[in-house]
Each structure stands twice: as C-alpha cells, then as structure tokens.
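To keep things clear, I will list the structure first and then write my remarks on it.
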Amino acid sequence: MFLENVMKKLFIGFSKNRLLNLFAVHCHILHPISRAFVAGETMDEAVDVVKELNKDGCAATIDILGESVIASEKIDEVVSEYQTLIRRIHDEKLRASISIKLSHVGLSIGRTCCDANICRIAETAEQYGIAIEIDMEGSEDTENTIEVFRMLLKKYPMVSFRLALQAYLHRTHECDIEKLAEEGVAIRLVKGAYKESPLVAYQHMESIRGVCAMLINYFAREDVCARGNHLAIGTHDQILIKHAKHVLEQMALPKNTFEFQMLYGMCVQEQHRLVKEGYKMRIYVPYGTRWFPYFMRRMAERPANVWFVIRGVLRGLFDGEIRKRVFKTLKTMDKKAHQDR
Ligand SMILES: Cc1cc2nc3c(=O)[nH]c(=O)nc-3n(C[C@H](O)[C@H](O)[C@H](O)COP(=O)(O)OP(=O)(O)OC[C@H]3O[C@@H](n4cnc5c(N)ncnc54)[C@H](O)[C@@H]3O)c2cc1C
C-alpha cells in the first residue's frame, strides 16, 4: 500500500513535468510503448481503431490527447481538430462520441475562453448529431467543469452530453450526484485518476469502491431512472462490474440500463465478454502526440505497468537506431533549454 502510494505520487508528478513531457514527445523510444494505451498519433489511426471496435460490437468515445493548454493559438488548433473529428465520425458513420478535457480548450486560461471554445465544438456536434463527453480533471477544476456542463445542457438541448464524475471526491456523493440527477443527466462514473488530498478525496480502494457501488444502486432506482438519468460505469474493476450486473438483475432492469466503459487497450477480453452477454460497451480511445500525462496516469494506476515500460525501454536501448534518437532528443532539449533561459 505504502509503495503503491509512493508510485502513484511519483507518476502523477511525472505527468505534470514539462521536461519529461518534452522528452517523451520528441524521443521516439517511448512511442511504441505508449501504443499499449493510445490508438496512435493521428486521427486516421484513431478512426481505424474505432472501426475495429465497432465491428466487435463496442461503441467508442474519442479523445484528442492534451490538457492544461494556455496558448490560445494551440487551443484554436484543438477546437478545429475536434470539429474535423466530429465531421469524420459523422461521414464515416462511426458509432462514437467525443471526449474532451476542458483544460484542453481553455479552462486553464479562464471560463470565458473555455465557454467560447467548447461552444464552438458543441455547435458542430449539434449540426452533425454527435454526442460529447466531458472528462473530469483535478479537483481544482471540478466546480467549473460542472458549471460548464450545465451551461452546455441549457444552451444545446439537442446535443447529448455526458459528464464524468469521480467517486473518490467527497463532494460527488455528498452533493454533486443528487443535484445533477434532479436535472436528468448522463453521467460517467469513474474512481478518479488524479492525486488528491485526503481533505477532498477518499484514499483507500475500499471506500472508493463503496461509493461507486452506492451510486450504481442510486442510478438503478425507479425514481432516478424515471427522471431520464443515465449511468455509464467507467471501470475495469471486476467487483464493480459484477455488482452492476447483480443490481440490474435484482431490479429486473434491461441490460442496457447502464453502459460499461473501458479504456482502450485494457481488459480487452472482458470487453468482448460483456458485449457477448448483451451489455452496452464503450471504449475510450485517446489519440495524439500529447500522450505523456495520460500514459503516466495509467502507470500510476497499476505499478505492474512499470515493468512493461522498463522492458520496452531496455529493448529499445539495445536497438542502435533508437539509442541514436534518444541522444539526439537530449541534445535538442538541451539547446532549447539554453535558448529559453
Ligand atoms: C472510460 C473511462 C473514462 C475515464 N475517465 C476519467 C475521467 O474523466 N477522469 C478521471 O479522473 N478518471 C477517469 N478514468 C480513470 C479512472 O478514474 C480510474 O483511474 C481507472 O479506470 C482505474 O480504475 P478502475 O476502476 O478501472 O480499476 P482498478 O480498480 O484500479 O483496477 C481493476 C483492474 O483493472 C485493470 N487496470 C486498472 N488500471 C489499469 C492500468 N492502468 N493498466 C492496466 N490495467 C489496469 C487491472 O486488471 C486491475 O486489476 C476513466 C476510466 C475509464 C475506464
């Protein structure tokens, strides 16, 4: 437990380190390893992955990787890439929604910037009939993210929006869920992937799982369903998956009352099993060059992944071509650091 906490802290720390990010993006040694959890660097690669998932009976939600962007010209590029992605989903008849981190479209600058940009994306989504999922980030952004979600619901009633809520945050079960459920919303319930203080978040798996189970029960209640609320459960946790299935059975609810969601590349057999059993399954498919923070959060969740990376890096280092690239990247970064000073 102690070691797991240290590892978690370390990898979440890495995910926010600018130099490591720069290194990962420019150095090709980690690129093949990142493919375990990332569909690729381009939209074409993500679309190919989604086509395969659709063939296997899974829907997808496509995320363009990136977060905490503060350069407005970069945000403009992200917005237009999301708009292109929406058109692509529509034109290629993919069974897919898009997932967005608000700090990728301006929340790190401020609400005005974020609202303007997310609205540009929502307008395109409205035009093409594509659903939008809003990811949840660190707790400092929770309040704003919920407010933006509410603004979107009001302004674009024809668009399907879903909001991710994190079970580890005290506020989720203390107030957010009930307030939102009064309005009839679609929620993606996840445990939470960031390092949060014990003042705001549960730290132990048992408590977090307990909150998840409680909220699954809540969304199966007749009065809650009747208000049009819909729950997607974003987890790979066998205990929670079993619990959700059991609740549906006990309440005699149809299997499509809940949607299961999993991350691309994880528990693939379980994804197929659930589809075969008749449950709704959606896979979160991230793509893009800014994969490092996402990848580090996956490391933080599961220390066993670290050995997978070490093995990959060692294999890469014995490959002469990759060794040359590492040195070249380090040299470029050194030069850039001198120029920045
Ligand atoms: C579709 C989806 C969307 C998400 N969106 C958000 C979001 O918006 N905001 C947010 O904070 N978090 C998000 N998360 C991440 C989530 O909060 C958890 O950090 C993550 O899902 C791990 O918790 P778990 O319940 O899946 O699995 P755990 O209980 O941590 O583990 C259960 C099993 O899942 C597998 N597993 C779990 N993690 C990994 C991994 N990294 N690598 C390999 N196998 C693994 C293992 O087999 C493990 O035994 C999302 C998760 C999913 C599935």
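The values are calculated or read from the model by the stated rules, or taken from the named source; none is laboratory data. As the structure is a computational prediction, the values presented were derived from the model and not from experiment. Heads up, the Cβs are rebuilt from the backbone with ideal geometry, glycines too, and the neighbour counts pull from every protein chain shown. SASA here: full protein model, heavy atoms, side chains in, ligands and nucleic acids out. Shrake-Rupley method; radii C 1.70, N 1.55, O 1.52, S 1.80 Å.
Tabulated results
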item	result
Search result, residues across the range 88-128 that are hydrophobic (A, V, I, L, M, F, W, C) and in a helix (DSSP H, G or I)	89, 102, 113, 114, 116, 118, 119, 121, 122, 125
So residue 92, is it of a type in the set (D, E, K, R) and more than 20 Å from residue 144 (Cβ to Cβ)	yes
Residue check for residue 182: touching a Lys or Arg at 6+ places or on another chain (Cβ under 8 Å) and within 13 Å of the ligand (Cβ to nearest atom)	no
Within the range 189-209, tally of residues that are in a strand (DSSP E or B) and either within 9 Å of residue 169 (Cα to Cα) or more than 12 Å from the ligand (Cβ to nearest atom) (or both)	1
Conditions (1) in a helix (DSSP H, G or I); (2) closer than 20 Å to residue 104 by Cα; number of the one not met by residue 163	(1)
Any hit, the range 84-93, residues being within 16 Å of the chain's Cα centre (by Cα) and either surrounded by fewer than 18 Cβ atoms within 10 Å (Cβ to Cβ) or at pLDDT 95 or above (or both)	no
Residue check for residue 178: open to solvent by 60 Å² or more (accessible area, probe 1.4 Å) and either over 21 Å from residue 61 (Cβ atoms) or part of a strand (DSSP E or B) (or both)	yes
Where a residue in the range 18-31 is closer than 12 Å to residue 291 by Cα and its partner, wherever it lies, is among the hydroxyl-bearing types (Ser, Thr, Tyr) and open to solvent by 30 Å² or more (accessible area, probe 1.4 Å), with Cβ under 7 Å and at least six apart	25/289; 26/332
Pick from the range 290-316, criterion open to solvent by 60 Å² or more (accessible area, probe 1.4 Å) and more than 12 Å from the ligand (Cβ to nearest atom), ranking: modelled with the lowest pLDDT	315
Qualifying residue in the range 67-77 (condition: in a helix (DSSP H, G or I), open to solvent by 10 Å² or more (accessible area, probe 1.4 Å), free of Cβ contacts under 8 Å to residues at least 60 places away in the same chain and more than 20 Å from residue 114 (Cβ to Cβ))	no
Residues of the range 209-226 satisfying the condition of being out of contact with any His (no Cβ under 9 Å at 6 or more places or on another chain) and closer than 24 Å to residue 135 by Cβ	210, 224
Scope the range 232-262; condition over 22 Å from the mean Cα position of the chain (by Cα) and away from the ligand (no atom under 16 Å from the Cβ); matching residues	246, 247, 248, 249, 250, 251, 252, 253, 254, 255
Hits in the range 129-155 - residues which are part of a loop (DSSP other than H, G, I, E, B) and either surrounded by fewer than 17 Cβ atoms within 10 Å (Cβ to Cβ) or not assigned by TED's automatic domain parsing to the domain that holds residue 229 (or both)	129
Matching entry among 103, 99, 160 (being open to solvent by 20 Å² or more (accessible area, probe 1.4 Å) and either out of contact with any helix residue (DSSP H, G or I) (no Cβ under 9 Å at 6 or more places or on another chain) or touching a residue at least 12 places away in the same chain (Cβ under 8 Å) (or both))	160
